[in-house]
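Peer 1: Structure in structure tokens, see below.
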Amino acid sequence: MTALSRRLRFLLPLLLVVATSAACVEFSAPPSPPPVAFAVQPTPPGAETDVAREPVPTSETCNATESLRPGPMPEPGSMPIRSTMADIIDHGRLIVGLDTGSNPFSFRDPISGDIRGFDVDIARAISAAIFGAPGSIEFRVLSSAERTEALQNHTVDVVVKTMSITCDRLREVDFSSPYYVASQRILSTRGSGIDGPDKLAGKQVCAARGATSIGRIQSIEPRARMVTTTTWADCLVMLQQGQIDAVSTDDGILAGLAEQDPWVQVVGPGLGEEYYGVGIPKGQDDMVRFVNGVLTQLRVSGRWQQMYDRWLSVLGPSPGPPQPVYRD
Ligand code: GLU
């Protein structure tokens with residue numbers, strides 16, 4: 001054995017220890033700007049630049065956050081005959097539309113392969129209240145742009161996918177009362193100088209197609225150049241590749257993206273509130289009342305708070321669940 005290889009035999013375990021402990025370090029503030037890539041990177045399929053102006057999302061002009069008052073809750077497993085919930089029991093599982101790339105709301109756990117998150121727990125609670133078992137559930141992956149149509153076509157029973165209740169959407173689908181209030185913000189690369197909406201003039205800002213986030217940025221900074229992609233993960237990839245300057249959407253989704261990359265950060269003030277509701281096909285008032293009953297149980301039992309602590313504590317202390325406003 002040469003002197004060099006003997007030395008390597010000593011050094012190797014040491015290097016392993018250093019490498020392992022480096023992997024545990026939290027990178028809150030990287031020491032220098034991110035590396036610049038010179039190769040031409042492909043854009044994610046479906047990415048569109050300079051998209052047309054979209055409506056400003058509003059939930060105020062139609063009392064969007066008001067929803068139907070829950071009635072007495074039936075026992076799990078014994079839903080009233082001819083109700084929407086009895087139909088769901090007949091088809092054997094609750095079919096839920098969501099996304100697998102919206103950490104911490106819904107994402108595929110890379111180790112277990114399970115779909116998990118705050119929205120997933122809301123969906124499981126609805127399934128448990130219908131069937132008496134949270135596992136009677138099937139997930140269908142939807143992009144932001146596919147949510148409304150999936151409800152209209154009845155390819156899903158409910159959508160639980162960071163879906164904001166807006167007056168425009170209420171013309172096409174129904175919603176539960178709000179189960180979470182998000183705030184739209186901006187994600188930018190550290191050191192880019194983008195720290196608020198006033199820095200977005202002439203910049204390329206990404207959002208998932210079909211999201212309310214697009215119209216709000218266009219209304220706040222009309223000179224921002226909007227880029228749309230199919231998923232939020234695609235926006236992160238484009239930011240990492242230097243193809244866009246910022247991403248804008250709800251704070252929780254941005255925090256989930258920032259967790260995947262130490263070079264990006266959530267910046268600037270809240271740009272507007274987004275009230276998440278469970279999307280339900282039009283004409284199913286019994287289901288809306290039922291889901292509102294489930295949300296009440298989650299709030300009153302303290303389960304909502306536990307779900308917040310488990311999935312959303314990265315956003316700071318819990319503001320508490322939104323209080324419902326009902327109509328009869
Ligand atoms: N809450 C926004 C919306 O419903 C953005 C979230 C998303 O697209 O997943 O459009």
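The values are calculated or read from the model by the stated rules, or taken from the named source; none is laboratory data. Keep in mind that this is a model prediction, so the values were computed, not measured. Using ideal geometry, Cβ is built from the backbone for each residue, glycine included, and neighbour counts are taken over all protein chains shown.
Peer 1: Does any residue in segment 154-176 that is within 18 Å of Tyr326 (Cβ to Cβ) and among the aliphatic types (A, V, I, L, M) come within less than 7 Å, Cβ to Cβ, of a residue that is part of a loop (DSSP other than H, G, I, E, B) and near the ligand (Cβ under 10 Å from one of its atoms) six or more places away or on a different chain, and which pairs are these?
Peer 2: Ile165/Gly277
Peer 1: Does Thr43 fit the bill of being away from the ligand (no atom under 16 Å from the Cβ), touching a residue at least 60 places away in the same chain (Cβ under 8 Å) and farther than 27 Å from Glu172 by Cα?
Peer 2: yes
Peer 1: Quick one: Ile244 ticks every box in (1) part of a loop (DSSP other than H, G, I, E, B); (2) closer than 19 Å to Ala182 by Cα except a single one, so which number is it?
Peer 2: (2)
Peer 1: Could you please let me know if Val227 is under 23 Å from Leu142 (Cα atoms) and either surrounded by 20 or more Cβ atoms within 10 Å (Cβ to Cβ) or of a type in the set (D, E, K, R) (or both)?
Peer 2: yes
Peer 1: List the pairs whose first member sits in segment 188-215 and is of a type in the set (Gly, Ala, Ser), whose second member is surrounded by fewer than 17 Cβ atoms within 10 Å (Cβ to Cβ) and modelled with pLDDT under 95, and whose Cβ atoms are under 6 Å apart, counting only residues at least 6 apart or on separate chains?
Peer 2: The qualifying pairs are Gly191/Pro33; Gly215/Pro55; Gly215/Val56.
Peer 1: Could you identify the single residue in Gly293, Gly320, Gly268 that is under 29 Å from Leu151 (Cβ atoms), more than 16 Å from the ligand (Cβ to nearest atom) and touching a Gly at 6+ places or on another chain (Cβ under 8 Å)? Give the steps one after another, and end with the answer.
Peer 2: Numbers: Gly320 fails: touching a Gly at 6+ places or on another chain (Cβ under 8 Å); Gly268 fails: under 29 Å from Leu151 (Cβ atoms).
None of the others qualify; the one that does is Gly293.
Peer 1: Any residue at all in segment 141-155 that is over 16 Å from the mean Cα position of the chain (by Cα) and buried (at least 24 other Cβ atoms within 10 Å of the Cβ)?
Peer 2: Filtering segment 141-155 down to residues over 16 Å from the mean Cα position of the chain (by Cα) leaves 149-155.
Retained after the next criterion (residues that are buried (at least 24 other Cβ atoms within 10 Å of the Cβ)): 151.
Yes - at least one qualifying residue is present in segment 141-155.
Peer 1: Hey, can you tell me all the residues within segment 156-190 that are within 20 Å of the chain's Cα centre (by Cα), part of a loop (DSSP other than H, G, I, E, B) and not β-branched (Val, Ile, Thr)?
Peer 2: Within segment 156-190, Asp157, Lys161, Met163, Ser176, Ser177, Pro178, Tyr179 meet the criteria.
Peer 1: A follow-up question, please. Filter segment 239-261 for residues that are within 12 Å of the ligand (Cβ to nearest atom) and among the polar types (S, T, N, Q); which is surrounded by the fewest Cβ atoms within 10 Å (Cβ to Cβ)?
Peer 2: Ranking the candidates gives Ser248 first.
Peer 1: Residue by residue through segment 185-227, note down the ones that are within 16 Å of the ligand (Cβ to nearest atom) and among the polar types (S, T, N, Q).
Peer 2: Within segment 185-227, Thr212, Ser213, Gln218, Ser219 meet the criteria.
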